[in-house]
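Here the structure is laid out as structure tokens; the discussion comes afterwards.
Values quoted throughout were computed directly from the atomic coordinates according to the rules given, and no laboratory measurement underlies them. Computed from a predicted model, the values in this text were never measured in an experiment. FYI the Cβ positions are ideal-geometry reconstructions off the backbone, even for glycines, and counts take in every protein chain you see.
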Amino acid sequence: MTIAQDLERSQEEWVEIEYPPSDLESQEPPLESYLHLQQLLLLLKCLDWLWKDRQDYFAAGNLTIYYSPNQKKSEYFRGPDFFVVLNTERKPRKSWVVWEEDGKYPHVIIELLSNSTAKVDRTEKKQIYQEIFRTPDYFWFSPDTLEFQGFHLVDGKYQDIYPNERGWLWSQQLQLFIGIYEQKLRFFTPEGVLVPTPEEAAQTAQKRAVTAEEAAQTAQQQLELERQQKEKLAAKLRELNIDPDTL
């Protein structure tokens, strides 16, 4: 068989190959969106930056909480999108095991709503956090629609947290406001100051340094201008046979 015949046969076999359609539905478990990931990282970064000098809390995202009364990891577990436990040791953990943490449950939980989880977050999880976890502050937020709601535990039942004039909700546990800023959920101090990310804090510090340097340069230039004006005035007085040092 010649090279040309061999090539022609290969082309015929290539044409006969049946390819699957390109629009097959993925059978992999659904993953959270890019917006969910960015929102989760933002909450963690901001709180860790604000509390960088504290060692008495634990904040995590997408970490499993095991709460079986039988102390079995094979039953009764949940994975909130974001949660904070207060009055505990700040250290890395692979999971939060209630019976290994003095029976402590999260003090604050934030769930990020999605089409696949919103119903459970509003109903089943809310009931678990209210009746079993007894988490004092529970919030949910949709990175897609910006739906934002919060609840505080009062006499064992969740009551709505009403927004202030800016639409922010107060977290009694964190002693911070939580609100939407540039379409993302952010923390605010009691004075209404945005809690920055480390990157934002560095940019602010750099801007302040540049402003301070510019102010110093301006002041130096003003002093130099005044010095030159004094020298000119002294020279003019000497032309008039007046000793400027006697004035």
So which lysines pass the test for Lys184, namely a Cα distance under 17 Å, with those fewer than 8 places away in the same chain ruled out? Lys45
Could you tally the net charge around Leu42, taking each other residue with its Cβ under 13 Å from the Cβ of Leu42, Lys/Arg +1 and Asp/Glu -1? -2
All other residues with a Cβ under 14 Å from the Cβ of Glu131 taken together, and with Lys, Arg as +1 and Asp, Glu as -1, what is their net charge? +3
Considering only the other residues whose Cβ falls under 10 Å of the Cβ of Thr197, what net charge follows from Lys and Arg at +1 and Asp and Glu at -1? -1
Relative contact order of the stretch 66-152 (C-alpha contacts under 8 Å, at least 6 apart) in percent is 24
